[in-house]
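The values are calculated or read from the model by the stated rules, or taken from the named source; none is laboratory data. Being a predicted model, the structure only gives us computed values, none of them experimental. Cβ placement follows ideal geometry from the backbone for every residue including glycine, while neighbour counts extend to all protein chains displayed.
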Amino acid sequence: MKKLNVIILFIITALLGCERDDICAEGTPTTPRLIIEFYDFSNPEQLKNVVRLTAYGEGLVLDENGNPTQPETASDATLVFNSNSNNLALPLLVENEGTIVTTTYILENETNLRLDNNPDTESNIDIIEISYIPRFDYVSRACGYKSIFQDLDINLISDDANWITDIDVIESTIDNENTVHVQIFH
């Protein structure tokens, strides 16, 4: 009888000590990307496709010698390659909490003109610098932390032929992907 009580006590203790799996549920919010929409400069309420857009992080596309170059095909380093698009989701770097981080992206318009091997045509490349301050929010034991990006600021690097005419930061805190954070006019 004593052994039966010990076994029952052991089973009850084992069952009470169990908890659900430590798996982060699929719908749990994670670190968001920067959501950008492209608008017509002459009609600011109208979404406008960027013709043959290619987007990639500075220094991520490398040639066979490890030197930065322009992409020739779609790859893991390109977020969008030679596609018509009126929106873009850019991942941001997660570094030390509370310090300003700057991420640089190359946005190329009319990529097909660079790829056509015609010396009389060329694409138009604009460079944007995105600055923000990361903050880490605890989600759960299974999911760990997610990053929130605060004090968002975007600067267009000026050149002789910018295709981007204006940038408007709509949300300076990036805490989800359910809203547009930035509007780019072209």
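With the structure loaded, tell me whether Ile106 is surrounded by fewer than 19 Cβ atoms within 10 Å (Cβ to Cβ), under 14 Å from Ile164 (Cβ atoms) and among the aliphatic types (A, V, I, L, M) or whether it fails that test. Against the criterion (surrounded by fewer than 19 Cβ atoms within 10 Å (Cβ to Cβ), under 14 Å from Ile164 (Cβ atoms) and among the aliphatic types (A, V, I, L, M)), Ile106 does not qualify. Among residues that are surrounded by fewer than 20 Cβ atoms within 10 Å (Cβ to Cβ) and touching a residue at least 40 places away in the same chain (Cβ under 8 Å), Ala89 is included.
Scanning the range 50-81 for residues that are of a type outside the set (A, V, I, L, M), under 17 Å from Phe38 (Cβ atoms) and either part of a loop (DSSP other than H, G, I, E, B) or in contact with a Leu (Cβ under 7 Å, 6 or more places away or on another chain) (or both) gives a single hit, Tyr56.
Taking strands (runs of 3 or more DSSP E) as the structural unit, those lying wholly within the range 92-186 and holding at least 2 residues that are closer than 22 Å to Leu60 by Cα, among the β-branched types (Val, Ile, Thr) and in contact (Cβ under 8 Å) with a residue 24 or more places away in the chain correspond to 101-109, 124-140, 144-157. Does Leu53 count as closer than 30 Å to Ile167 by Cα, out of contact with any Phe, Trp or Tyr (no Cβ under 6 Å at 6 or more places or on another chain) and at pLDDT below 85? For Leu53, the condition - closer than 30 Å to Ile167 by Cα, out of contact with any Phe, Trp or Tyr (no Cβ under 6 Å at 6 or more places or on another chain) and at pLDDT below 85 - is not met. Filtering the range 31-82 to residues that are over 20 Å from Ile174 (Cβ atoms), of a type in the set (Gly, Ala, Ser) and surrounded by 11 or more Cβ atoms within 10 Å (Cβ to Cβ) leaves Gly59, Ala74, Ser75, Ala77. Taking the criterion of being out of contact with any strand residue (DSSP E or B) (no Cβ under 8 Å at 6 or more places or on another chain) and at pLDDT 90 or above, the residues of the range 27-50 that qualify are Ser42, Asn43. Mind listing just one residue for me: the one in the range 109-134 that is under 16 Å from the mean Cα position of the chain (by Cα) and not small (Gly, Ala, Ser) and, of those, surrounded by the fewest Cβ atoms within 10 Å (Cβ to Cβ)? Ranking the qualifying residues of the range 109-134, first place goes to Glu129. From the list Arg33, Arg52, the one residue that fits, being on the phi > 0 side of the Ramachandran plot and not hydroxyl-bearing (Ser, Thr, Tyr), is Arg52.
Okay, residues lined up against (1) of a type in the set (Ser, Thr, Tyr); (2) exposed (fewer than 15 other Cβ atoms within 10 Å of the Cβ); (3) touching an Asp or Glu at 6+ places or on another chain (Cβ under 8 Å); (4) at positive phi:
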position	(1), (2), (3), (4)
Val139	no, no, no, no
Ile157	no, yes, yes, no
Asp160	no, yes, no, no
Thr165	yes, yes, no, no
Ile170	no, yes, no, no
